[in-house]
Amino acid sequence: MKKQVVVIHGGDTFDTYEEYIAYLKASELTLERMNAKSWKDNLQSNLPDFEVIYPKMPNAKNARYLEWKIWFEKLFPLLDDTVVLVGHSLGGIFLAKYLSENNFPKKIASMHLVAPPYDTEVCKDSLTDFALTGTVEKLANYTNNIFLYQSKDDVVVPFADALKYKRDVPSVILVQFEDRGHFLQEEFPEIIQNIKSFS
């Protein structure tokens, strides 16, 4: 039986509906942007011995935590006893918040948080109801294999946020980069290797 990898993608949040509408009006839409593939889209081909589960979370352009929580919990009956969790950007803070506030019903072989925001102290984007309500220390109770990937040139989530996760969960393995931005590239060999090695 193939081991499962659950991938929670990123998204955007807005404090008001008016801000969301303004964002939609100001956004440029191109075919290149619409058809761009990311490392998340390529996980299944790079992990042929795994079953990659990549749910499209509700309303990613104007995300709400409760909606994501409901959708995420619908996955639970479909999951095996041990899974790998991957969260990118808003998906990373979603996993951190969910696992800090709730009990996850499965064992976690490894967790991979890619450029997750921690708070809005430095991060320019609003986190609305995705904001952490307490400490994330509980993450260490789920697995010894927690990887946090952050690039120093990320203009969306500052490197300082990664250091806050490391402060709260000292066992986190911080994988640092200089030039990966917000990890929007097509390939991500380091996460592939770590998923294979720690599952």
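Every number here is computed from the coordinates shown, using simple stated rules; none is lab data. Worth saying up front: this structure is predicted, and the values here are computed from it rather than measured. Cβ atoms come from the backbone with ideal geometry, glycine included; neighbour counts cover every protein chain shown.
A compact table of results
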quantity: Length-normalised contact order of the range 3-197 in % [C-alpha pairs under 8 Å, at least 6 apart]; calculated: 24
quantity: Under 10 Å, Cβ to Cβ, from LYS106 - net charge with Lys/Arg +1 and Asp/Glu -1; calculated: -1
quantity: Within-11-Å neighbourhood charge of ASP80 [Cβ basis; K, R +1; D, E -1]; calculated: +2
quantity: VAL52 long-range amide H proximity, modeled H, under 5 Å; calculated: VAL5
quantity: In sequence order, calculated HN-Hα J values of the range 174-187 (Karplus, 6.51, -1.76, 1.60; Hz; x Gly/Pro); calculated: 8, 9, 9, 10, 9, 9, 9, x, 9, 6, 9, 6, 7, 10
quantity: Relative exposure of SER126, SER110, judged by other C-beta atoms within 10 Å (fewest first); calculated: SER126, SER110
quantity: Formal net charge of residues neighbouring LYS3 (Cβ-Cβ distance under 9 Å; K, R +1; D, E -1); calculated: -2
quantity: Of TYR54, TYR149, THR30, farthest towards positive along the dipole that unit charges on Lys, Arg, Asp, Glu beta carbons give the chain; calculated: TYR54
quantity: Derived scalar couplings ³J(HN,Hα) [the range 62-78; Karplus, 6.51 cos²θ - 1.76 cosθ + 1.60; whole Hz; x for Gly, Pro]; calculated: 9, 5, 10, 4, 4, 4, 5, 4, 4, 5, 4, 5, 5, 6, 3, x, 8
quantity: The chain, helix-only ellipticity at 222 nm - DSSP H runs n ≥ 4, -39,500 (n - 2.57), divided by all residues, nearest 500; calculated: -8500 deg cm²/dmol
quantity: Karplus-derived HN-Hα couplings along the range 107-116 (A = 6.51, B = -1.76, C = 1.60, θ = phi - 60°), whole Hz, x at Gly and Pro; calculated: 7, 10, 5, 7, 10, 10, 9, 10, 6, x
quantity: Cα gyration tensor shape of the range 129-199, rounded if a/c is under 1.5, else prolate or oblate by comparing a/b with b/c; calculated: oblate
quantity: For the range 3-197, diffusion coefficient by Stokes-Einstein and Kirkwood Rh (Cα), 10 °C, 1.306 mPa s, µm²/s; calculated: 93
quantity: Cβ-placed point charges (K, R +1; D, E -1), dipole of the range 3-197 about Cα centre in debye, nearest 20; calculated: 440
